[in-house]
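One structure is given below, encoded as structure tokens.
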Amino acid sequence: MASPFPGMDPYLEGDLWTTFHSQIAVEIARQLAPKIAPRYVALTEKSYVLDSPEELEITIEGRYADVGIVEARSKNAASPGTAVLEAPVEVATVMAERVPHFWVEIRDRKKRKLVTAIEILSPANKRGQGRRDYLEKREKLLHSSAHLLEIDLVRQGKTMPMLKRLPKAAYYAFLCRAGRRPIAEVWPILLDKPLPPLPVPLLKGDPDAPLNLQEAFTKVYDGCRYDLILDYSHPPDVPLPPSATGWLKKTLKAAGIR
């Protein structure tokens, strides 16, 4: 079964994001490879980043007294009613986690020079230490001779820093061409619209290579059979805004999902 959504599937933003992230990077490289050959190659790259969500909270079910000291009689106590400590409560603490990050590099075949970096952003790029690390990498790219195309298909975290307020949208794509910085081209992507086609700039004198982002998404969704593992009977892991609740129900109903 095809995805019930016209563009990005918001149900992929949760536990399955890492699997989708890796596959969409591979599909983008596979799609671009024949379009840019023989002068360029498209390579999928991988690294690990620290994900330490600052807003993460861990709660304990039930109620506990504010004071963890109770009175109890003990045979070894010096006097009746001596205060002793209760057994401690064990709670997991928040720790940074290493998560994989995938992106695509367009390189000149002869000199292997980086021409264009295509970053597919993850929640880890948009919060905590992972965001700080990514912004440092981003700054180096923006001061290099390479183009930077960023595809942001997650609603969690902060968007990329811009001097002006971005149009309101669920997702974004940003293109910073080497010769036009600090000006960036921005594609606001709405929940109820297909993913936009994006230009991939190359070296001077060569036309942009077209990236059909919707086609890449569809091939990943269909090829990995996400329809078999996504549970559309419940709300998505990353909640949609209240204003989109009616649209979500209507879209799923139109696809025959009750």
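Looking at P53, P10, which is the one that is at pLDDT below 95 and surrounded by 17 or more Cβ atoms within 10 Å (Cβ to Cβ)?
Checking each option against the conditions leaves just P53.
How do the pairs read when you match residues in the range 1-24 that are touching a residue at least 12 places away in the same chain (Cβ under 8 Å) and within 20 Å of P197 (Cβ to Cβ) with residues anywhere that are buried (at least 16 other Cβ atoms within 10 Å of the Cβ) and of a type in the set (S, T, Y), using Cβ under 6 Å and keeping only pairs 6 or more apart or on different chains?
Matching pairs, first to second residue: S3/Y221; M8/Y171; D9/S3.
For the range 240-247, does any single residue satisfy the condition of being assigned to a loop (DSSP other than H, G, I, E, B), in contact with a Leu (Cβ under 7 Å, 6 or more places away or on another chain) and more than 30 Å from L114 (Cα to Cα)?
Within the range 240-247, one or more residues are assigned to a loop (DSSP other than H, G, I, E, B), in contact with a Leu (Cβ under 7 Å, 6 or more places away or on another chain) and more than 30 Å from L114 (Cα to Cα).
Do we find that K158 is assigned to a loop (DSSP other than H, G, I, E, B), within 28 Å of V99 (Cβ to Cβ), without any contact (Cβ under 8 Å) to a residue 60 or more places away in the chain and of a type in the set (K, R) in this structure?
Taking the combined requirement at face value, the residue satisfies it.
Let's see how each residue does on (1) out of contact with any Lys or Arg (no Cβ under 9 Å at 6 or more places or on another chain); (2) modelled with pLDDT of 90 or more; (3) surrounded by 10 or more Cβ atoms within 10 Å (Cβ to Cβ):
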| site | (1), (2), (3) |
| --- | --- |
| R73 | yes, no, yes |
| N76 | yes, no, no |
| A87 | yes, no, no |
| A92 | yes, no, no |
| M95 | yes, no, no |
| V99 | yes, no, yes |
| W103 | no, yes, yes |
| I106 | yes, yes, yes |
| R109 | no, yes, yes |
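Yes or no, residue by residue, for (1) closer than 22 Å to Q129 by Cβ; (2) buried (at least 18 other Cβ atoms within 10 Å of the Cβ); (3) within 15 Å of the chain's Cα centre (by Cα); (4) modelled with pLDDT of 95 or more:
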site	(1), (2), (3), (4)
D152	yes, yes, yes, yes
R155	yes, yes, yes, yes
L166	no, no, no, yes
A170	no, yes, yes, yes
C176	no, yes, no, yes
G179	no, no, no, no
E185	no, no, no, yes
I189	no, yes, yes, yes
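The values are calculated or read from the model by the stated rules, or taken from the named source; none is laboratory data. Since the model is a prediction, treat every value here as computed from it, not as a measurement. In this analysis, Cβ positions are derived from the backbone assuming ideal geometry, glycine residues included, and neighbour counts consider all displayed protein chains.
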